[in-house]
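The values are calculated or read from the model by the stated rules, or taken from the named source; none is laboratory data. Remember, it's a predicted structure, so these values are computed and weren't measured experimentally. Note that we place each Cβ from the backbone using ideal geometry, even for glycine, and neighbour counts take in every protein chain shown.
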Amino acid sequence: MISKAGLGSRTEARRWIHAGRATVNGRRIENPDHWVDLERDQVRFDGKPLKAVARVYVLLHKPTGYLTTYKDPDGRPTVYALLKDVGTFVSPVGRLDLETSGLLLLTNDTQLAERVTNPESHVPKTYLVTASRALADGELEQLRRGVELNDGLTRPAQVARAAGAENQVLLTITEGRNRQVRRMIEALGATVEALARTRIGSIAAESLPVGAWRHLSASEVDSLRMKPRKKGSTT
Ligand code: URA
């Protein structure tokens, strides 16, 4: 609850609770797993009632070289270094690898985050892939049909050649397995030289500069909440 109220990360919230800064119905609670009923219980932090914070939806154009995590034990830069002025704590919706750039959503709306990351929601994510070599038409067809990875066959994907460069393709997937795009390209015997996420659902990078963030518009948030298309639907 403390983290959801935008006060800090889950790890920090757990530490603060252990340190005795939270009370539930006037009683100090030092167990972060203590169950509270939002309707009935009164939670205070440092003596002040926890207020429900407004939902915040952030779209970051992540540069390469930034980790999608809150703090790195090795001191490498994390996306939070780029989000200092957001004003409330937001969590990443899925992850991008250290060397992947592009669109990353962050929010304090756990329900929406779960919807976007759950493969059952089929929210499409598009990546501009720069491969180590030009991919043959047959290989693009393989990506479309699905390739066998060590955690199973990938779902059918949309694949198009990117204009201008022989070794670039736009790949749209509706799952989000760990390092999925890199592994799909490796399954063809090539490697990924650069990877950028250009689209999440209907939200595109457009003019957002690398390293910058903006709030999602209300219609962009709504578009992510929409139910997936039914099989066989043509709209
Ligand atoms: N697929 C990958 O391989 N890496 C990412 O960062 C995102 C998708």
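Within segment 91-108, how many residues turn out to be surrounded by fewer than 21 Cβ atoms within 10 Å (Cβ to Cβ) and more than 12 Å from the ligand (Cβ to nearest atom)? Residues flagged as surrounded by fewer than 21 Cβ atoms within 10 Å (Cβ to Cβ) and more than 12 Å from the ligand (Cβ to nearest atom) within segment 91-108 amount to 1.
Picking from residues in segment 68-90 that are of a type in the set (S, T, Y) and either within 11 Å of the ligand (Cβ to nearest atom) or at pLDDT 95 or above (or both), the one that is nearest to G6 (Cα to Cα) is Y80. Considering segment 172-188, the residues that are in a loop (DSSP other than H, G, I, E, B) and of a type outside the set (D, E, K, R) include one that is surrounded by the fewest Cβ atoms within 10 Å (Cβ to Cβ), namely N178.
Here G75 meets the list (1) out of contact with any strand residue (DSSP E or B) (no Cβ under 9 Å at 6 or more places or on another chain); (2) buried (at least 17 other Cβ atoms within 10 Å of the Cβ) almost entirely, failing just condition (2). Screening segment 160-172 for residues that are at pLDDT 95 or above and away from the ligand (no atom under 14 Å from the Cβ) and picking the one that is farthest from P124 (Cα to Cα) gives N167. Those residues that are surrounded by 11 or more Cβ atoms within 10 Å (Cβ to Cβ) and either modelled with pLDDT of 90 or more or over 27 Å from the mean Cα position of the chain (by Cα) (or both), I need them from segment 32-51; list them, please. Correct list: P32, H34, V36, D41, Q42, V43, R44, F45. When L103, L135, L96 are checked against the criterion of being in contact with a His (Cβ under 8 Å, 6 or more places away or on another chain) and either more than 30 Å from D72 (Cβ to Cβ) or of a type outside the set (S, T, Y) (or both), a single residue qualifies: L103. Tally up the residues in segment 123-132 that are loosely packed, with under 14 Cβ neighbours inside 10 Å and either under 23 Å from the mean Cα position of the chain (by Cα) or not polar (S, T, N, Q) (or both), please. Counting residues in segment 123-132 that are loosely packed, with under 14 Cβ neighbours inside 10 Å and either under 23 Å from the mean Cα position of the chain (by Cα) or not polar (S, T, N, Q) (or both) gives 0.
Tallying residues that are modelled with pLDDT of 95 or more, among the basic types (K, R) and away from the ligand (no atom under 15 Å from the Cβ) within segment 173-231 yields 1.
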